Amino acid sequence: MIEFSNVSLIYPNSINTVLEDLSFTVAEGEFVLVIGATGLGKSSLLRLINGLVPHHTGGILAGEVSVDGTSTRSVKPGALAHLVGIVGQNPLNGFVTDTVEEELAFGLEALNFPPDVMRKRVEEVLDLMSLAALRSRSITSLSGGEQQRVAIGSALVMHPKVLVLDEPTSALDPIAAEEVLSILQRLVHDLSLTVIVAEHRLERVIHFADRIIYIQANGETKIGTPQEILKDSEIAPPIVHLARALDLPEVALSVREMRRATQPFREKLLKIDVVTGSKFEGTGKELVKIKKLSLSYENSEVLHDISLNIHEGEIVAIMGRNGAGKSSLLRSMVGIVTTYEGQIEIDGRAPNNLKAADRSRLIGFIPQEPSDLLYGQSVGQECTQADKDNRVLPGTTLELLQKLVPGISPSTHPRDLSEGQRLALALSVVLSAKPNLLVLDEPTRGLDYSAKASLINQLRGHTVVLATHDVELVAEFATRVIFIAEGEIVADGSTIDVLLSSPAFAPQIAKVMSPSPWLTVNDVIKVVGTSL
Amino acid sequence: MRGALHPLTWWVWAGSLAVAIVSARSILLAIIVVTLVALTVHRNGRGTAWSHSFRWALIMGMWVVLIRTAIGVLVGVPIPGRTLFSIPVFPLPTWMAGVRVGGGVTLERLTSTTHESIIIAGVIALIGAATSLSNPHRLLRSLPIMIYEFGVAVVIATTVVPQLVMSITRIRQAQQMRGQSVRGIRQWKKIALPLLEDALSRSLDLAAAMDSRGYGFSRKRSRYRVEKIQSGEYGIACASIFAIFIPIPFVIFSALLPLLVVKSRNQAVFA
């Protein structure tokens, strides 16, 4: 279906090739996963498939890419619209019209399909993606998962043979992600659709994949079955790290397989009475006090009667569905939203009437798009500005940045940094004011495993509140989890208690090792090291 | 009749009513019409993509009344009549003779400016109502095929505007959190640069998405669901056009008409 032969790609004004001498074929009905660290060309590889690279982006392409016998060299992306459907990293940016139904019809209109065919196909896709109830809704009013389904739907109306998705679940909560992925799985099995997906959170997709294309840090590319690739790849989901730690002969990809493989091991463990899980109770003074917080937008209540206290040194993860009120809670805490009822005190002060300079010394806030904070023309300029704003010694911020992520040249433009580096820059700008409390909104969106690990190191030692969908991050890092649904707190407790009690939000290791209460590979290794 | 009218009908209806209240020059009539229209919007315009427009139009109308009355009272040629109160006159250069800032405020002046501004607010409310009741994008889609391409371009452009507004708010808030003051002209760079980058990457994404979905590839373009005008709608349109010429009886009648004949959207949903 898709054939890459000796493909190399280089962008203009760049010395390094993005891809070098890449050859592979993908058969009809295959589910292929593209993995690799950020900035190594996963997106470029996906966009080569329908010719967006190089027709749309520029760049020099050597070799040949062909889809269903058509070379992308000879035709424009539009000519492949009926063959390849592509869903970008941020679907909201790709929407052309304002309502669901019109969006689905857009591609068909452009290709001059007769109205009766169009009508039939739109209805079909509305059913296939369970969008029928949302048909006349405005797209911006939909949740992230629903938007993702609309984006996939508007590619599917064209009856493509290949569907290409760039990080389809990075913005979704675990349940919505599961929903989107199982729809993809169904399409592969029922319609023999060929699906190519790039994704960082392997734990979510790995059990669906037939093959993996692994772009390594040195630019070399490996292609093979998940077992072959994951045996020794640097990038791997927790379940594979566990298999390696336990020296299992085969790499298991799903929780079921892994439970089978570890059965004898787990039985042995059950006999040992182990005490795990460092139950961290905040010991310091109460830093955040929230009493009876309620907030409504346009007649609908987004937060209802929330009361909680956060102690110094705690790391609190706020979890919940898309649209459950996580961001609203954070934004009230940092003082962006001021129309709330009830009481919020950060270190004894209400955040909604602080002066800008006082606020940055009290609360550090990293928004969903860290680049919103940055406007300098270079990393160095950004750091000097932060020194001036926060009235610290010149050079403090840059020094902090070098400690967090070594090797960033001060003359680089912030846009040219990788996602992880940009986050580190925003973080050091915020941290240079030495805030008492650090608040982060979905910090790991688009971060690969190594960037995530380095983020965790950067954050240790601070009092942190973060909203996230990333179960594995929470398991690794948080001391306390607050679960929000429909604007109310439904669970609040230590990470172990909350994560283990919910099957959807339990991390992979917990599912494998159940009923033993472990959340991460390190938890298991610690016990294995002492007792076996 | 079905719950939804053709967008053109809503626009003819609202447009004619607007012309009628302007030509009738009666506050009472304007208020009655806006009330009836508000009822229609409440019944039929909920849950649509642009359903908030009417509310915004009312708020905007209120500002228009306030600002216009204030300016009308402060600036302008004196109108003789009963003086209510007096404001000190602001000295102006001689070449601006005839214009006066401040001075005595007469009852006649106050009523005439309020009167005019309420009618202007009424017209704004009617346009807002038409937008609430029929998505303006649907109106563009019912254009003749010759200017349809232009319509598509406008649809795309106007879809981006609310997203831009959202980006501006987002960036401003982030900057404030960083401890930056974002007021004042010299601070514009802090917002403009991230916004420009944001808008640029957004439009590149959009162009790529449109390109890969076949936009502009075929010379001809078909249309999904052509809006059809139903026979009953001519009645509403005609009655509203009559209202322009014979205002008093027809304005109220035609403003009432959709309430009487069009099925409520809420009923249609739950039935």
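Overview of results
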| item | result |
| --- | --- |
| Of all DSSP beta bridges in the protein assembly as shown, antiparallel share, percent nearest 5 | 60 |
| In range of the label at residue A:70: residues from the range A:124-167 whose backbone nitrogen is under 19 Å from the point 7 Å along Cα→Cβ | A:154-165 |
| Accessible carbon and sulfur surface of chain A relative to its total accessible area, %, 1.4 Å | 49 |
| Peptide A:109-119, shielding by other chains (average Cβ, 10 Å cutoff) | 5 |
| Inter-centroid distance (Cα atoms) of the range A:359-411 relative to the range A:482-532, Å | 35 |
| Nonlocal amide H pairs with residue A:488, under 5 Å, H built at 1.01 Å | A:304 |
| Where A:375, B:234, B:224 fall by accessible area, highest first, once all protein chains stay in place (1.4 Å) | B:234, A:375, B:224 |
| Exposure ranking of A:214, A:11 by accessible area [1.4 Å probe, largest first] | A:11, A:214 |
| Cβ charges +1 (Lys, Arg) and -1 (Asp, Glu), total dipole of the range A:2-233, debye | 260 |
| Charge sum, other residues only, whose C-beta stays under 15 Å from residue A:57's C-beta, Lys/Arg counted +1 and Asp/Glu -1 | +1 |
| Computed Rg/Rh of the range A:28-120, alpha carbon atoms with Kirkwood Rh | 1.00 |
| Angle between chain A longest axis and helix A:379-389 axis [Cα atoms, degrees, rounded to 10] | 30 |
| Per DSSP, loop GluC sites (Glu not before Pro) in the range A:286-357 with at most 13 further Cβ within 10 Å | A:298 |
| Probe 1.4 Å, accessible area per residue of the range A:305-379, Å² | 35 |
| Charge sum, other residues only, whose C-beta stays under 12 Å from residue B:115's C-beta, Lys/Arg counted +1 and Asp/Glu -1 | +1 |
| Average beta-carbon neighbours from other chains, 10 Å sphere, peptide A:370-378 | 6 |
| The range A:481-526: chymotrypsin sites (Phe, Trp or Tyr not before Pro) falling in loop per DSSP and having at most 13 other Cβ within 10 Å | none |
| Calculated FRET efficiency for the pair residue B:75/residue B:95, C-beta based, R₀ 22 Å, to 0.05 | 0.85 |
| In the B-A interface, the accessible area buried, summed over both sides, Å² (probe 1.4 Å) | 4900 |
| Environment charge at residue A:308 (Cβ cut-off 12 Å; Lys +1, Arg +1, Asp -1, Glu -1) | -2 |
| Inter-chain Cβ neighbour average for residues B:115-125, partner chain, 10 Å | 0 |
| Percent RCO, i.e. relative contact order, over the range A:2-233, from Cα pairs under 8 Å lying at least 6 residues apart | 28 |
| Listed residue (A:296, A:449, A:207) projecting farthest to the positive dipole end of the protein assembly as shown, Cβ model | A:296 |
| Helix A:449-459 vs. chain A, principal-axis angle (Cα, 0 to 90°, nearest 10) | 20 |
| Long-range HN-HN contacts of residue A:82 with modeled amide H, under 5 Å | none |
| Two-decimal log10 I(q)/I(0) for the range A:166-300, as the Debye equation yields it once each C-alpha is a single scatterer, q = 0.12, 0.19, 0.20 Å⁻¹ | -0.73, -1.15, -1.23 |
| R0 of 60 Å, Cβ-Cβ distance residue B:31-residue A:182: FRET efficiency to nearest 0.05 | 0.60 |
| Overall dimensions of chain A by Cα: Rg and Dmax, Å | 24.3, 70 |
| Rounded to the nearest 20 debye, dipole of the protein assembly as shown from Cβ charges on Lys, Arg, Asp, Glu | 2540 |
| 0 to 90° range, to nearest 10: angle between helix A:521-531 axis and chain A longest Cα axis | 60 |
| 5 angstrom amide H check on residue A:23, placed H, neighbours 5+ away | A:6, A:7 |
| Sparse-neighbour loop sites [trypsin sites (Lys or Arg not before Pro); the range A:364-420; at most 14 other C-beta within 10 Å; DSSP] | A:391 |
| Phi-based couplings in Hz for the range B:91-103 (Karplus 6.51, -1.76, 1.60; Gly and Pro marked x) | x, 10, x, 5, 5, 9, 4, x, 9, 9, 10, x, x |
| Segments B:63-73, B:111-121 sorted - mean Cβ within 10 Å per residue, highest first | B:111-121, B:63-73 |
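The values are calculated or read from the model by the stated rules, or taken from the named source; none is laboratory data. It should be emphasised that the depicted structure is a prediction, and the values quoted were computed from it without experimental measurement. Don't worry about glycine lacking a Cβ; one is built from the backbone with ideal geometry, like all the others, and counts go over all protein chains shown. All accessible areas refer to the heavy atoms of the entire protein, side chains included, with ligands and DNA or RNA removed. Shrake-Rupley method; radii C 1.70, N 1.55, O 1.52, S 1.80 Å.
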